[in-house]
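To start, the structure itself, in structure tokens.
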Amino acid sequence: MPKIVVTDRLADTLKMLRVQSGKKSKDLAEYLGKTPGYVSKLEKGEIKSIELETVESIFAFLLGDNYQKTEIWEQVYASLQIKY
């Protein structure tokens with residue numbers, strides 16, 4: 001599966017969505033099967049690439065199962081940088 005480059009914009013968007021949704025980073029980490037430190041590094045842009053599946057999982061957790069129908073997802077998806 002291709003990797004997605006974690007740009008500053010993507011990192012900022014993930015954090016903004018998490019905060020707006022009222023979800024804690026530890027809850028997101030648990031959902032992803034990662035550590036809270038991983039989520040922190042991801043939101044700071046310290047992790048340079050992640051799998052598209054992980055990005056989709058994050059959006060599903062934060063916005064619900066219909067996340068692909070949201071405007072924010074469409075904007076983010078259009079701006080994703082894929083790394084093979």
Tell me the strands (runs of 3 or more DSSP E) entirely within the chain that contain at least 1 residues that are touching an Asp or Glu at 6+ places or on another chain (Cβ under 8 Å), open to solvent by less than 40 Å² (accessible area, probe 1.4 Å) and at pLDDT 95 or above. 3-5
Between a first residue in region 18-34 that is of a type in the set (A, V, I, L, M, F, W, C) and a second residue that is surrounded by fewer than 15 Cβ atoms within 10 Å (Cβ to Cβ), which pairs have beta carbons less than 6 Å apart while being 6 or more apart in sequence or on different chains? 29/35; 29/36
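Could you check how many residues of region 4-35 are closer than 13 Å to residue 47 by Cβ and under 13 Å from the mean Cα position of the chain (by Cα)? Walk me through it before giving the result.
Within region 4-35, the first condition is being closer than 13 Å to residue 47 by Cβ, and the residues that meet it are 4-8, 10-11, 14-15, 29, 32, 34-35.
Checking which are under 13 Å from the mean Cα position of the chain (by Cα) leaves us with 4-8, 10-11, 14-15, 29, 32, 34.
Residues in region 4-35 being closer than 13 Å to residue 47 by Cβ and under 13 Å from the mean Cα position of the chain (by Cα): 12 in total.
The values are calculated or read from the model by the stated rules, or taken from the named source; none is laboratory data. Treat the numbers as computed from the prediction; the structure is a model and nothing was measured. FYI the Cβ positions are ideal-geometry reconstructions off the backbone, even for glycines, and counts take in every protein chain you see. Heads up: the accessible areas ignore ligands, DNA and RNA and are worked out on the full protein's heavy atoms, side chains in. Shrake-Rupley method; radii C 1.70, N 1.55, O 1.52, S 1.80 Å.
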